[in-house]
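The next block holds one structure in the form of structure tokens; read it before the comments.
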Amino acid sequence: MLIIESLREQNVWDGRVDDDQTSLRYHQVVRLQDINELKTNKNNACFGIIGFQCDEGVRRNKGRVGAAKAPNEIRNVLASIPYTLNHDVVDVGNVVCEGEALESAQQNLSKHVTTLLNKQHTPIILGGGHETFYGHYLGVREAVGEEASIGMINIDAHFDLRIDKTPSSGTMFQQILSEDSNASYLCLGIQKFGNTKALFSEAKKHRVEYILEEDITKYEKTFEIIDKFVKKHDYIIITLCTDSIISTAAPGVSAPSPFGLEPKVVKKLLRHLVAKKNALSFDISEVNPVLDRSGQTTRLAAYLLAEVMHHFHKRKKV
């Protein structure tokens, strides 16, 4: 079984080179790394990028597939974005979901997220469908131990609290909250017409905190809720589902949102979240290049990713 796919022969990190050698771009800085040979980063200032080539969870959730192509497409755009970091960046390749083997793929992603954290690299995970998050969470839980409290913050139009016998891109938070009493959930951008009454009932049952899309730009209140949630946890892990973004800006997703969040709103939320000193890791999911329009959604995802990485090290007191 393929555990992780190397990028060495794929030329995904390629782009223009400026005459001014101080004006670096990501493709000039990112270092391809075999995760089995990864050394501990003693300075604690290194990002570890890992892709999750999977949309089996989306297929099971009766969505439109194609997100498995996103990790390399996002890399292709990020490659030419100016590099503004003081951090090192390594790319350990892609976990690939073979056929319908979602659960195995999630376990493989989990293993590598744990390795990145144990080697003191901040995991940056490129989905994939939003089933990416379950593997993300499992890897964090293994790394921090059972006693640590984990706050999960999801920017999303949907709760992803479905009760199904078969795990999918709509079940992750139900799975986690049913199994882990030391995890809790805050969702930013929930849409009234994107969730059934049953899902709102599940949110209440699991004491999920959420802010509706229509209320998110009341920033003083939004940041107050976020900060209170963050303070309750040892660690927070962050996930962005791109279907939370308005469809005019992000058409290339499984479930487009005509009343979604504006990109600058999402950027503002992400800047606030990743600056928290207990922010541990980040994933971006549900970009679907197959459904995209002139690479619009992929480009937006890459720029949001650059924002996340730029601001991750600008820590504020929680």
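Report the FRET efficiency, 1/(1 + (r/R0)^6), for residue 29 and residue 178, where r is their Cβ-Cβ distance and R0 is 25 Å, rounded to 0.05. Write down the numbers at each step before the final one.
Details: r = 41 Å, r/R0 = 1.65.
Calculated transfer efficiency: 0.05.
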Exercise for the section: Specify the inter-centroid distance of the stretch 247-318 and the stretch 113-146, based on alpha-carbon positions, in whole Å. Expected result: 18 Å
Handout entry: Built amide H within the under 5 Å cut-off of residue 122, gap 5+
Key = 46, 47, 48
Completion exercise
Given a 1.4 Å probe, the accessible area of the stretch 130-173 per residue, as a whole number of Å², is 31 Å²
Practice task
Take the solvent-accessible surface of the protein heavy atoms, probe 1.4 Å, and return the percent of it on the chain that carbon and sulfur atoms account for.
Solution key: 47 percent
Problem - Furthest towards positive pole of dipole, 87, 32, 57, structure part the stretch 1-98, Cβ charges - result: 57
Fill in the blank from the handout: Residue-normalised 222 nm signal for the chain, counting each DSSP H run of n ≥ 4 as -39,500 (n - 2.57), nearest 500 deg cm²/dmol, is -10000 deg cm²/dmol
Completion exercise
For the chain, cysteines with no other Cys Cβ under 4.7 Å from their own Cβ are listed as 46, 187, 241
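From the cross-link list 192/264; 69/231; 42/228; 119/231; 165/204, which pairs have alpha carbons spaced over 28 Å apart? Walk me through the numbers on the way to the answer.
Values: 192/264 21 Å; 69/231 36 Å; 42/228 31 Å; 119/231 25 Å; 165/204 21 Å.
Exceeds cut-off: 69/231; 42/228.
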Fill in the blank from the handout: Computed for the stretch 183-279: size of charge dipole around the Cα centre, +1 on C-beta of each Lys and Arg, -1 on C-beta of each Asp and Glu, debye to nearest 20, value 280 debye
Exercise for the section: Would you mind checking which residues have amide H under 5 Å from residue 61's amide H? H placed 1.01 Å from N; only 5 or more apart, or other chain. Expected result: 169
Exercise for the section: Please name which of 178, 239, 188 has its Cα lying farthest along the dipole of the stretch 173-240 towards the positive end, using unit charges on Cβ (Lys, Arg +1; Asp, Glu -1) and the Cα centre as origin. Expected result: 178
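The values are calculated or read from the model by the stated rules, or taken from the named source; none is laboratory data. Since this is a predicted model, take the numbers as computed values, not measurements. Cβ sites come from the backbone with ideal geometry, for glycine too, and all protein chains shown count toward neighbours. Remember, those area values only see protein heavy atoms, side chains included, never the ligands or the DNA or RNA. Shrake-Rupley method; radii C 1.70, N 1.55, O 1.52, S 1.80 Å.
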